[in-house]
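What follows is a short report on a single structure.
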Amino acid sequence: MGLLGEPGTLTVASCARVGQPKPEIRCTGTFRSDDGRSTDPAARITVNPSLASGQTTRLDRVDAGSYVRISPARTEKYAALTLFGMALFVFAGAGFASRANSTGRPELRAGLVGRVGLRLGQAGIVLLLGAALCAVIAFLSPH
């Protein structure tokens, strides 16, 4: 099993533009799982841009007749967004800890709250660097 379902390959038979007012490109073809145990001769997927007949693309079958296109760039974008959100959460904790430091109570400044604030700030910087790296990889990845 893949991250989302059963990984495999779709060999495109045809693509057509369907729908109004925002047309989509739907391709049909044969899905074959990587382990060779399952095939679906009537697999359909919505794509952009269109794929040529005979072209192959990587998919995960998530349910009977339901497919999701595997995209490293999309995965990296979600990873960057997640890491950025985590960094914001961590920086909020660091801000709370630094606010406790400014209360004028020396036992808080030198104690656990001060150390926690410092560690949260450091963790936030690491998360932001990870988010930036994922964003760069997503930007440079072929779509």
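Derivation of every value follows stated rules applied to the coordinates shown; laboratory data play no part. Only a predicted model underlies this, so the values are computations on that prediction, with no experimental measurement involved. Here Cβ is always computed from backbone atoms with ideal geometry, including for glycine, and neighbour counts include all displayed protein chains.
Before moving on, here are some points about what is shown:
- Efficiency of FRET between E24 and M86 - r from beta-carbon atoms, R0 35 angstrom, step 0.05: 0.55
- 5 angstrom amide H check on T30, placed H, neighbours 5+ away: T11, A13
- The stretch 120-129 - phi-based ³J(HN,Hα) in whole Hz, Karplus 6.51/-1.76/1.60, Gly and Pro as x: 5, x, 5, 5, x, 5, 4, 5, 5, 5
- Residue-span extension gain [S66 to A42] - 0.36 nm each, minus C-alpha spacing: 7.6 nm
- If you wrap the stretch 14-55 in the convex hull of its Cα atoms and look at it from every side, the mean projected area works out to 3.2 nm².
- Working from label points 7 Å from Cα in the Cα-to-Cβ sense, the D34 to L133 distance is 2.3 nm.
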